[in-house]
Every structure is written in C-alpha cells, then in structure tokens.
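Here is the structure we will look at, set down as structure tokens.
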Amino acid sequence: MTSTNATGTHGAVLEESVPTTDTALVELRDAGKSYGNIRALHGIDLKVYSGKVTCVLGDNGAGKSTLIKIVSGLHQHTEGEFLVQGETVRFSTPREALDKGIATVYQDLATVPLMPVWRNFFLGSELTKGPWPVRRLDIEKMKKTADEELRNMGIVLDDLEQPIGTLSGGQRQCVAIARAVHFGARVLILDEPTAALGVKQSGVVLKYIAAARDRGLGVIFITHNPHHAYMVGDHFSVLRLGTMELSAERSRITLEELTNHMAGGAELAALKHELSQVRGVDVEELPEEADLQVGAPQPN
Ligand SMILES: Nc1ncnc2c1ncn2[C@@H]1O[C@H](COP(=O)(O)OP(=O)(O)OP(=O)(O)O)[C@@H](O)[C@H]1O
C-alpha cells in the first residue's frame, strides 16, 4: 500500500542560503489557526534553531497536529506570522515547505512494506541512469547511497534487501529520519515518533533524534511524553486547549516541573477529589502529581 505524498519525507531540497546561527530556522509569532469558527490554535510563539531540539508537548486536542500542519505546509495559519530563516512565508502545499528544507516524518510512515529498505529510502526520488528514452533505475547507486547514509547516522541494518515491513517500528522511524537528512532537510518535524514504541525502541529513536540534532538540523519533536522530551530537548513548549501554556529553555525547567505541567497538576487534584466520592477508589493509593511517570524509558 502506498501512502500519500503528505506523509513523505523525500524530496526536501536545500536552498543555497546559509542561515546565521542566531536566526531561527522556523519561527511562529503570535500565530493561530481557526477552522471555520473553531479556534484550534492561537497566540503561539515558537522558535526552532539549527542544532537544537524544540519539543512540543500537549494532550489530545491541544493543537499539536494543527501546529505541525501549519509548519509542514498542509494548512495555512489564520493569525500571526510564520517565518523561515527570517522571511515571512505562507505555504500552499507541503512541497513548498520541503523546498525550504522542512521535512515531516509522520507516525504512519510513507513506506511500501513489501519493498526493500533501500527502495523505500528513495521512494518518489529514485536515482536513474542512462540517456532518455532508455533511462533506468540506478539500483547499485541507490543501494550504496542508502547504506552509506544509514551508516552515517549510526544505523546498521543486517540487510537492505529486506522488506521495510519486516523492520521494527523504531527502525523504520530511524530510516525515515536518515532519509530526510539525506534529502537535505534543515528542519525535521517528528510527529510522536515514540508513541507506539516500547522502552528500548523509544531509546533508539531518541538516539537518532540526537544524531539529527548533532548534524545541525533543527528538530521539532512532537510528543505527549515529558520523559522522552527531556532526554533530548533544548526547549519545551506545552500546548493546552490551543494555547501555549508553557515555553521554557531546558535550563529553566526540571523534568518534574515539565511532568507536572503535562499531567495538569490542578486538574489531577480535582479529579482525585471527584474520585474520592466514588466508592471503591482509594485516593490515598493514587500518585501525587509529581510522582506521575508517563512511560519513562529506563536509562541503560
Ligand atoms: N479540520 C478540522 N476542523 C475543525 N476542527 C478541527 C480540525 N482539526 C482539528 N480541529 C480541532 O482543533 C483542536 C486541536 O486539534 P489537534 O488535532 O491539532 O490537536 P492534537 O494536539 O494534535 O490532538 P491529538 O493528539 O488528539 O491528535 C481540536 O479541538 C480539534 O477538534
């Protein structure tokens, strides 16, 4: 089964200009989005820098998908400003975002499960050789390049001929990250890459997020897991009901504080009170807000 273009990462092409280190690669200024009369997102300030991981956290319905859609060119903002390397932009299609080096890796990766890993690596951007009309796929070059790029990211797979569907979810995420890097992504948006993964595989994906960051990409890491965010994040933005509830540099916030923000300390206290009215629920057994652990991966 082939997924739509909107879920691909291939084809991101760098423009010639080189960003200065203090200009944000991507910036939202007081940005927002309404769907008809539903205001899904408003008052959003966000900056993404080269070599930094910006984590966007939030519960269901907080507005994370809407934010990704604006930055990746699927939807247009209806309020505020959107800048790429200091220039105001308004993308009409994901292709325009890709042309500016903004690549998105969605949870449901754009792969063809029965095709080999190397073939998926080049899906939609196949290398060819020979003159027209006898141009044909340059299979050897694609295999060699995919192998080199994966190794450059520290991803070692036994056999690039194996169908990508036989890889673990974590490995497939890593291949998608390496592919985006190869095709010149400057900003990488990762949509809940660890959501469906176990502890060990989440750790592997976090390692490659750090590898992408170390190669100078600006990473937008969407997650609802503060523990995963804190392992790699440089900046944390917490969305709640379409607004930015918290925006903090790593040095300004502890993991406990971030976890509390995500758990919604006040809401949890209210819920605990309500539960105390229900027979059979011993509220003393419930965790304190600060003790909440949301699927934290264990350190090695
Ligand atoms: N196309 C749409 N039309 C109308 N309302 C929408 C549309 N897309 C999102 N919304 C509304 O915007 C709000 C934010 O939704 P969004 O999907 O961005 O949140 P989210 O944080 O990604 O949630 P989830 O984690 O559940 O995907 C929600 O109230 C949602 O119902």
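The values are calculated or read from the model by the stated rules, or taken from the named source; none is laboratory data. As the structure is a prediction and not an experimental result, all values here were calculated from the model. Ideal geometry is used to build each Cβ from the backbone, glycine not excepted, and the neighbour counts take in all protein chains shown.
Here's the yes/no breakdown for (1) modelled with pLDDT of 90 or more; (2) more than 16 Å from the ligand (Cβ to nearest atom):
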position: L157; (1), (2): no, yes
position: C174; (1), (2): no, yes
position: T194; (1), (2): no, no
position: G203; (1), (2): no, yes
position: H228; (1), (2): yes, no
Exercise for review: Kindly indicate the residue of the stretch 37-88 that is over 18 Å from E245 (Cα atoms), near the ligand (Cβ under 10 Å from one of its atoms) and not β-branched (V, I, T) and also farthest from the chain's Cα centre (by Cα) among those meeting that condition.
Suggested key: N37
Practice item. Taking the residues in the stretch 18-38 that are of a type in the set (S, T, Y) and out of contact with any strand residue (DSSP E or B) (no Cβ under 8 Å at 6 or more places or on another chain) as candidates, determine which candidate is nearest to D214 (Cα to Cα). Key: T21
Review point. Any idea which of (1) crowded, with 16+ Cβ neighbours inside 10 Å; (2) within 16 Å of the ligand (Cβ to nearest atom); (3) part of a loop (DSSP other than H, G, I, E, B) is the one Q107 doesn't satisfy?
Key: (1)
Practice item. Scan the stretch 180-216 residue by residue and report those that are crowded, with 23+ Cβ neighbours inside 10 Å, among the small types (G, A, S) and more than 19 Å from L150 (Cβ to Cβ). Key: S202
Exercise for review: Could you please let me know if L41 is touching a strand residue (DSSP E or B) at 6+ places or on another chain (Cβ under 9 Å), over 28 Å from T145 (Cβ atoms) and buried (at least 21 other Cβ atoms within 10 Å of the Cβ)?
Suggested key: yes
**Study point:** Qualifying position, being of a type in the set (D, E), in a loop (DSSP other than H, G, I, E, B) and more than 29 Å from H227 (Cβ to Cβ), among E126, E96, E140, E81
**Key:** E126
Review point. Within the stretch 168-178, is even one residue under 27 Å from S72 (Cβ atoms), of a type in the set (S, T, N, Q) and over 14 Å from the mean Cα position of the chain (by Cα)?
Key: yes
